[in-house]
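No lab work stands behind these numbers, since they all come straight from the coordinates. Nothing here was measured: the structure is a model prediction, and the numbers come from that model. Please note: Cβ atoms are built from the backbone with ideal geometry, for glycine as well, and neighbour counts cover all protein chains shown.
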Amino acid sequence: MTIIRDWTPDKSHAFGKEVLTFNHDLHTRPMFDDDGLADLLDRYPREKLGVFTMGENPREWRTWRRGVAGNLSGKVLLQMAKEGRIWLNLRAANDYLPDYAALADEVFAEKEAMVPGLRTLKRDLGVLISSPNAQVFYHLDVPMVSLWQIRGVKTVWAYPVEDPYVGPEALEAIVLRETAEQFAFDPAWDFGAAMAELTPGRMLTWPQNAPHRIENGPMLNVSLSMEFMTPSALMRANVIYANGLMRRRLGAVPKIQPGFSPLGLAKVAAARAAKALKLQKANERVLPVTFNLETEVPGLVKRAA
């Protein structure tokens, strides 16, 4: 029995290259009911838990704020997610919890079995627990991503990897970690996006580096964000890294080489050498902690206790 219900030869060959939706059955598993999520929040390393809040305008990405959860129980945190405006990000749950490691192995084994030639590396199964009407601003990821909806409804817009949605210099800045993954958004770009409404049992995936943004419906949302690399995805990331160095240090106007071309392989070698020599200093902005859930919204804490 497969997790995804609608693999087809066309989808298998297009996986990772196009925006695709699938049907899955992960939302039926008891690990994602309220008790399971509260237990997950209690077991996940608290110092690794990402706690965020944000404004309502999709253009105002600088309203994204980072907080901490303190010593609140998983039950209280889940209730606060139901009633507040927060986004809880449990990245790489598979690195810390055996049941999520087993789930990641199960999912990625199926992907590799169903997609010709696929070999996945650097697997990261993250759990996203977020409030009604919360959003994630326009951004892109360096790895490849699939987003699995477990509870609630969210709308996702995925944009092409090209101007004006993301130019080469902006993409290089993110890969070089000069900037954060979020950046300026123009609502007019929605006309060029692939839009998908994710309900429980739906999964969405898009090409590597595709910009995207997310808006929750008026209910608690639970999703799995599965990031991973493949040999070709690692190749692309290193080519972009080398291109960024060439543009900044040599004034070049480089292009991304697809596949495993001789020039692309040379750029990979250059990127790895630059990383080993630490020629590029990462200046990625680390958001300061600006709120504590134990004190920011005491009413929610009191009602959930």
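Simple spin-label model, 7 Å along Cα-to-Cβ: L121 to A180 in nm?
My value for the distance between the label points is 2.9 nm.
With r defined as the distance between the Cβ atoms of T290 and D141 and R0 fixed at 22 Å, what FRET efficiency is calculated, to the nearest 0.05?
0.40
Under a no-solvent Debye model with one identical scatterer per Cα of segment 1-120, what's log10 I(q)/I(0) at q = 0.13, 0.22, 0.23 Å⁻¹?
-0.72, -1.18, -1.21
Kirkwood Rh over Cα pairs of segment 126-165 into Stokes-Einstein at 10 °C, 1.306 mPa s: D in µm²/s? Can you show the working numbers first?
Working: Rh = 12.5 Å.
Reported coefficient: 127 µm²/s.
Measure nothing fancy, just the Cα-based angle from helix 231-250's long axis to the longest principal axis of the chain, in degrees from 0 to 90, nearest 10.
Helix 231-250 and the main axis of the chain meet at about 70 degrees.
In terms of modelled amide H atoms, which long-range or inter-chain residues lie less than 5 Å from the amide H of I86?
Sorted by chain and number, the residues that satisfy this are S131.
Find the centroid of the Cα atoms in segment 21-65 and in segment 185-245, then give the distance between the two in whole Å.
Cα centroid to Cα centroid, the span is 16 Å.
Using a Förster distance of 35 Å, how high is the FRET efficiency between T8 and T63, based on the Cβ-Cβ distance and rounded to 0.05?
0.30
In what order do H24, H139, H13 fall by count of nearby beta-carbon atoms within 10 Å, going from fewest to most?
In order of increasing Cβ crowding within 10 Å: H13, H139, H24.
Could you give me the ³J(HN,Hα) list for segment 152-158, computed from phi with Karplus coefficients 6.51, -1.76, 1.60 and θ = phi - 60°, whole Hz, x at Gly and Pro?
Values per residue, Gly and Pro as x: x, 10, 9, 10, 10, 10, 10 Hz.
Looking at the square roots a ≥ b ≥ c of the eigenvalues of the Cα gyration tensor of segment 232-282, which shape do they give, rounded for a/c under 1.5, prolate if a/b is larger than b/c, or oblate? Intermediate results must be reported in sequence, preceding the final value.
Working: a/c = 1.98, a/b = 1.30, b/c = 1.53.
Oblate, because a/c is 1.5 or more while a/b does not exceed b/c.
7 Å from Cα along Cα→Cβ at both E112 and D25: what's the point-to-point distance in nm?
Label at E112, label at D25, 2.3 nm between them.
Assuming 0.36 nm per residue, please report the length gained on full extension of the stretch Y96 to K255 beyond their Cα-Cα distance.
Value of the extension gain: 53.4 nm.
Where Lys and Arg each count +1 and Asp and Glu each count -1, what net charge lies around P116 among other residues with Cβ under 13 Å from its Cβ?
For residues surrounding P116, the net value is +2.
Assuming 0.36 nm per residue, please report the length gained on full extension of the stretch D33 to K281 beyond their Cα-Cα distance. All intermediate terms of the calculation are to be shown ahead of the outcome.
Details: separation 248, 0.36 × 248 = 89.28 nm, distance 4.29 nm.
Answer, rounded to one decimal: 85.0 nm.
Using θ = phi - 60° and the Karplus relation 6.51 cos²θ - 1.76 cosθ + 1.60, list the HN-Hα couplings for segment 206-214 in order, rounded to whole Hz, with x at every Gly or Pro.
9, x, 4, 6, 5, x, 7, 8, 9
At a Cα cut-off below 20 Å, give the aspartates and glutamates reachable from K267, other chains included and same-chain residues fewer than 8 away excluded.
Once the sequence-local aspartates and glutamates are set aside, what remains near K267 is E169, E172, E178.
Note down, for the chain, the three equivalent ellipsoid semi-axes (square root of 5 times each alpha carbon gyration tensor eigenvalue), biggest first, whole angstrom. Display every interim value, and only then the final one.
Values: eigenvalues 206, 112, 69 Å².
In descending order, the three semi-axes are 32, 24, 19 Å.
So if we plug the beta-carbon distance of E215 and D42 into 1/(1 + (r/R0)^6) with R0 = 41 Å, what FRET efficiency do we get, rounded to 0.05? Mind dumping the intermediate values first?
Details: r = 29 Å, r/R0 = 0.70.
The pair E215/D42 has a calculated efficiency of 0.90.
Which of rounded, prolate or oblate describes segment 78-232 when judged by the alpha-carbon gyration tensor and an a/c cut-off of 1.5?
oblate
Using the number of other C-beta atoms within 10 angstrom as an exposure proxy, rank S12, S232, S261 with the fewest first. Numbers along the way, then the final one.
Values: S12 15, S232 18, S261 12.
Placing the least packed residue first, the sequence is S261, S12, S232.
Tell me the mean residue ellipticity at 222 nm calculated for the chain from its helices only (DSSP H runs of n ≥ 4, each -39500 (n - 2.57), averaged over every residue, nearest 500). Don't skip to the answer; put the middle values down first.
On the way: 9 runs with 98 residues, N = 305.
Computed mean residue ellipticity for the chain: -9500 deg cm²/dmol.
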